[in-house]
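Working notes, beginning with the structure itself.
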Amino acid sequence: MQELRDAGVMLRLIYEAMKKQGIDTDAIFTRLGVDEEYVYTEQLRTPHNAQLYFWQVVEDVSGDPDVGLTLGALLPPYKGQVLEYLFLSSPTFGEGLRRALNYQRLLSDAANTAFLIEGDEACLVLDTASEEVRRLRHFNECFVQGMVTSFKSMTEGRFYPSRIEFEHERESGQEKVRETLGCDVVFGTEENRLYFPVELLSLASPHAEPELLDLHDRFASEQVARLEKKDIVGQVERIVAELLDSGEVTLDAVADRLEIKPRTLRTRLTEAETSFNQVLADFRYRLARQLLATTDESIDEIVYLTGFSEPSTFYRAFKRWSGMTPIEYRKTAQGKDAMIDAM
């Protein structure tokens with residue numbers, strides 16, 4: 001199964017909000033095993049399920065049990081991305097919304113937002129493929145505010161929610177949420193939903209431009225096609241994980257499992273701007289970091305689990321990858337490296 005990932009822009013917006021709030025981002029990055037440079041990595045996409053640990057770390061470091069709600073109110077608008085351009089160059093907000101929903105994958109592989117109209121209200125059903133993340137309070141309360149903030153920015157402040165429904169429950173603080181979000185909020189529902197007046201769909205965009213809309217539509221299609229080309233990397237990684245303990249991790253063996261010719265696999269990896277050796281090295285590095293940071297496995301066992309023939313080869317490779325020996329890395333990570341699969 002393909003690992004689902006979120007666009008790095010989501011992490012960057014939350015990072016900006018954390019800085020505004022005065023949260024110790026260095027402490028958070030240490031726990032996550034990343035740094036500020038990583039956050040601004042070009043074309044960054046982080047594992048969707050890492051949201052679970054990420055928000056736990058942010059709550060722990062901030063000491064704020066409502067940190068998702070707090071940061072959501074401080075999120076800057078989603079700017080400078082092709083989805084924003086699609087909205088602005090579309091004739092109406094509704095048309096921009098419909099077009100943007102065609103390219104949800106640019107925000108997240110897990111996004112499956114549906115749009116419907118119920119009487120005098122329009123509704124966005126905010127779905128993700130991960131049930132755990134879909135019920136994650138901090139994620140939901142932060143994400144929906146980011147969406148509302150961006151919609152307001154795209155409509156020059158005219159957008160507003162009429163009701164929000166959350167799958168997650170809340171034992172306390174319900175009124176605080178309603179006050180922060182500025183509308184009726186219901187908890188413990190079957191789906192996460194954002195309602196707004198249907199007449200907002202007809203709001204004209206002051207930046208509407210048919211020729212630019214065409215251009216932005218094509219550009220969004222090209223970006224999605226680029227992501228689809230990189231799907232092969234995830235497929236190769238999945239098979240590498242299955243083959244590692246057998247010692248038969250070769251391009252030919254992976255191609256055989258994918259039921260394609262080795263030459264075809266090599267070509268598809270080249271189109272994804274990588275190679276089999278690079279994918280294998282990256283996977284081994286991530287796995288080694290995970291095992292060193294989050295388990296008590298011996299170095300000899302990690303050598304075996306990462307598919308190396310002997311400890312000396314593993315030590316040299318890990319020092320080349322990280323600049324540290326495996327033992328030095330384990331001491332530094334302190335068992336708290338959760339987003340390693342993102343790197």
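The values are calculated or read from the model by the stated rules, or taken from the named source; none is laboratory data. Predicted model, so just to flag it, every value in this text is computed and none were measured. Cβ atoms come from the backbone with ideal geometry, glycine included; neighbour counts cover every protein chain shown.
Could you tell me which of the residues 11, 86 is surrounded by 18 or more Cβ atoms within 10 Å (Cβ to Cβ) and under 22 Å from residue 136 (Cα atoms)?
Among 11, 86, only 11 is surrounded by 18 or more Cβ atoms within 10 Å (Cβ to Cβ) and under 22 Å from residue 136 (Cα atoms).
Could you list all residues from segment 266-295 that are outside any loop (DSSP other than H, G, I, E, B) and either among the aliphatic types (A, V, I, L, M) or in contact with a Cys (Cβ under 9 Å, 6 or more places away or on another chain) (or both)?
269, 279, 280, 281, 287, 288, 291, 292, 293
Look through segment 41-77, keep the residues that are of a type in the set (Ser, Thr, Tyr) and either out of contact with any Phe, Trp or Tyr (no Cβ under 9 Å at 6 or more places or on another chain) or not assigned by TED's automatic domain parsing to the domain that holds residue 108 (or both), and return whichever of them is surrounded by the most Cβ atoms within 10 Å (Cβ to Cβ).
The extreme case among them is 70.
Quick one: in segment 8-39, which of the residues that are without any contact (Cβ under 8 Å) to a residue 60 or more places away in the chain and assigned to a loop (DSSP other than H, G, I, E, B) is farthest from residue 333 (Cα to Cα)?
This residue is 22.
What about residue 3, is it surrounded by fewer than 19 Cβ atoms within 10 Å (Cβ to Cβ), within 14 Å of the chain's Cα centre (by Cα) and acidic (Asp, Glu)?
Yes; evaluated as a whole, the condition is true for this residue.
Condition test on residue 263, is it part of a helix (DSSP H, G or I), out of contact with any Leu (no Cβ under 6 Å at 6 or more places or on another chain), free of Cβ contacts under 8 Å to residues at least 12 places away in the same chain and farther than 30 Å from residue 99 by Cβ?
Yes, satisfied.
Report, by residue number, each residue of segment 223-249 that is of a type outside the set (A, V, I, L, M) and either touching a Ser or Thr at 6+ places or on another chain (Cβ under 9 Å) or closer than 19 Å to residue 273 by Cα (or both).
Within segment 223-249, 223, 226, 228, 229, 230, 231, 234, 235, 237, 238, 247 meet the criteria.
Looking only at segment 244-256, which residues are in a helix (DSSP H, G or I) and modelled with pLDDT of 90 or more?
If the condition is that a residue be in a helix (DSSP H, G or I) and modelled with pLDDT of 90 or more, then 251, 252, 253, 254, 255, 256 are the ones that fit.
Based on what the data block shows, is residue 187 touching a residue at least 24 places away in the same chain (Cβ under 8 Å) and outside the structural domain of residue 280 (by TED's automatic domain parsing)?
Answer is no for this residue.
Taking residue 228 as meeting all but one of (1) in a helix (DSSP H, G or I); (2) modelled with pLDDT of 95 or more, write down the number of the exception.
Unmet condition: (2).
Out of segment 191-212, which residues are modelled with pLDDT of 95 or more and part of a helix (DSSP H, G or I)?
198, 199, 200, 201, 202
Name the single residue, out of those in segment 296-343 being more than 24 Å from residue 248 (Cβ to Cβ), part of a helix (DSSP H, G or I) and basic (Lys, Arg), that is modelled with the highest pLDDT.
319
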